[in-house]
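Chemist: Sharing a structure here in structure tokens format.
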Amino acid sequence: MANQEKRTTIGGQALIEGIMMRGPEAQSIAVRNQEGEIVLTTEKLKFIKDRYPVLGLPLIRGVVNFGGSMVAGVKALMYSASFYPEEDDLEPGKFELWMEKHIGSEKLESLIIYLAVAMGLGFSVLLFFLLPTFLVGLVKPIHDVYILRNLCEGIVKIVIFTAYMVLVSRMKDMKRVFSYHGAEHKTIKCYEMGLPLTVENVRPCTRKHPRCGTSFLFVVIFLSILVGSVIQVGNTLLRMLCHLALLIPVVAISYEINRLVGRHDNWFTKILTAPGLWFQNFTTNEPDDSMIECAIAALEAVIPEKEGADNW
């Protein structure tokens, strides 16, 4: 018989043939290698807010945690990719050898991770925030009709975001990653329902979760549309700079909304999460049993010993 349903702070990320889980005390990565075995690694987490408590305050913590999650996610993704190297990657190139010699392998890895995070963030900002402003800015008649201009920018943002999700979901290489994403959500839901973590119990659970990164990104985009309505600037370049300046508070508020959704289940939070849950139709697929096994291994490794320590 299932225990009373709970809400956990544990979250995860789909990797290449694996899953990362982050709990309140530890992080784990479970990857199925080319021999079909699950390779599990765990590490204790150290939070910057423990050293600098001010970074854990509301609104500030959102930006800090978002940046930390991006770095951790890219690092985990690179780790999982190392189990499936491309044929051309088996032998390091001359430039890679030179970089390792002059910088060091650990510093080189850190450099690559931060560059990947910067490029990923830059691409997202360009595609979802700056491009819509630029495209709508080409329509001269509405330059000074700010309400209409903001509305058009918002529509273009949502159209681009939707098109991106649909196109990515159809990429062959991403289908298995999105299946692992589904396994992650199903396993967390099974745990929240108080059921034993077995493949049989996880399989029928929903693959959609309100605290998913897809939902968070949609909240960021939607909130940027609302906040963008205060921009009373006609010049397109200046509008783009204003949108950039507003991104930090938008991310901060979106994080607090995500926490609100994590703690409560009512009509208001259902409205907030509905669009994000719909978008998860594209970013999650039904997993097979081997993927669920990976998710279970990763989740079990981060459940704290003290019962309830991971509750919202």
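Read the figures in this text as sums done on the coordinates, not as results from a lab. Here the structure is a predicted model, which means the values were calculated and not measured. Cβ sites come from the backbone with ideal geometry, for glycine too, and all protein chains shown count toward neighbours.
Chemist: Could you work out which residue, out of GLU256, GLU37, GLU153, moves most in a Gaussian network model of the chain, that is, has the largest mean-square fluctuation with Cα springs under 10 Å?
Modeler: Of GLU256, GLU37, GLU153, the most mobile in the Gaussian network model is GLU37.
Chemist: Connecting C-alpha atoms closer than 10 Å in a GNM of the chain, tell me which of CYS190, CYS212, CYS242 has the biggest fluctuation.
Modeler: Residue with maximal mean-square fluctuation among CYS190, CYS212, CYS242: CYS242.
Chemist: Continuing with this model, one more query. Using the alpha-carbon atoms, what tilt in degrees (0 to 90, nearest 10) does helix 94-103 show relative to the longest principal axis of the chain?
Modeler: Value to nearest ten degrees: 90.
Chemist: Suppose each label sits 7 Å from its Cα in the direction of the beta carbon; what would the VAL168-GLU37 distance come out to in nanometres?
Modeler: About 3.3 nm separates the two model spin labels.
Chemist: So, one more: Most fluctuating residue of GLN27, GLN232, GLN13 in a GNM of the chain with Cα springs under 10 Å: which is it?
Modeler: Taking springs between Cα atoms under 10 Å, the residue moving most is GLN232.
Chemist: Follow-up question, since we're still on this one. Sequence neighbours fewer than 8 away in the same chain don't count; with that in mind, list the lysines whose C-alpha is under 20 Å from LYS107.
Modeler: Correct list for LYS107: LYS46, LYS75, LYS94.
Chemist: Using Cα pairs under 8 angstrom and six or more residues apart, how large is the relative contact order of segment 130-220, in percent? Mind showing how you got there, number by number?
Modeler: Details: 44 pairs, mean separation 15.8, N = 91.
After rounding, I find 17 percent.
Chemist: In whole percent, what relative contact order does the chain give with Cα contacts below 8 Å and a gap of six or more residues? Please list the in-between numbers first.
Modeler: Working: 404 pairs, mean separation 99.5, N = 312.
After rounding, I find 32 percent.
Chemist: Using amide H atoms built 1.01 Å from N in the peptide plane, name the residues 5+ places from LEU15, or on other chains, whose amide H lies under 5 Å from its own.
Modeler: Residues meeting the criterion, in which the H sits 1.01 Å from N, are MET20.
Chemist: Name the residue from ALA298, VAL139, MET78 whose Cα lies farthest towards the positive end of the charge dipole of the chain, charges +1 on Cβ of Lys and Arg and -1 on Cβ of Asp and Glu.
Modeler: So the residue furthest toward the plus end is VAL139.
Chemist: Let me ask you something else. My understanding is that a pair violates if its Cα-Cα distance is over 20 Å; which of LYS44/LYS189; LYS157/LYS189; LYS6/LYS306 do that in this structure?
Modeler: Details: LYS44/LYS189 23 Å; LYS157/LYS189 31 Å; LYS6/LYS306 15 Å.
Result: LYS44/LYS189; LYS157/LYS189 exceed 20 Å.
Chemist: Just to confirm my numbers, what's the Cα centroid distance between segment 262-299 and segment 118-151 in Å?
Modeler: Centre-to-centre distance over Cα atoms comes out at 30 Å.
Chemist: Can you work out ³J(HN,Hα) from phi for every residue in segment 245-258, in order, using Karplus 6.51 cos²θ - 1.76 cosθ + 1.60 and θ = phi - 60°, giving whole Hz and x for Gly and Pro?
Modeler: 5, 7, 4, 4, x, 5, 5, 4, 5, 4, 5, 5, 5, 4
Chemist: May I ask you to evaluate 6.51 cos²θ - 1.76 cosθ + 1.60, the Karplus curve with θ = phi - 60°, for each residue of segment 201-207 and list the ³J(HN,Hα) values in order in whole Hz, giving x for glycine and proline?
Modeler: Coupling constants for segment 201-207: 7, 6, 3, x, 5, 5, 8 Hz.
Chemist: Spelling out what I want: for every residue of segment 35-43, take phi, set θ = phi - 60°, compute 6.51 cos²θ - 1.76 cosθ + 1.60 (Karplus), and round to whole Hz; glycine and proline get x.
Modeler: 8, x, 8, 8, 9, 10, 10, 9, 8
Chemist: Which residue, MET165, LEU148, TYR180, has the largest displacement toward the positive end of the dipole of segment 135-180 when charges sit on each Cβ (Lys, Arg +1; Asp, Glu -1)?
Modeler: Going by the Cα projections, it comes out as TYR180.
Chemist: Using the Cα centre as the reference, give the magnitude of the dipole from point charges on the C-beta atoms of segment 160-246 (Lys, Arg: +1; Asp, Glu: -1; all else neutral), rounded to the nearest 20 debye. Could you put the intermediate results ahead of the total?
Modeler: Details: 11 positive and 4 negative charges, 55 e Å.
The calculated dipole for segment 160-246 is roughly 260 debye.
Chemist: Just subtract the alpha-carbon distance of ALA245 and ILE48 from 0.36 nm times their residue separation and send over the number in nm, one decimal. Present the calculation step by step, with values, prior to reporting the outcome.
Modeler: Details: separation 197, 0.36 × 197 = 70.92 nm, distance 2.43 nm.
Here the segment from ALA245 to ILE48 would lengthen by 68.5 nm.
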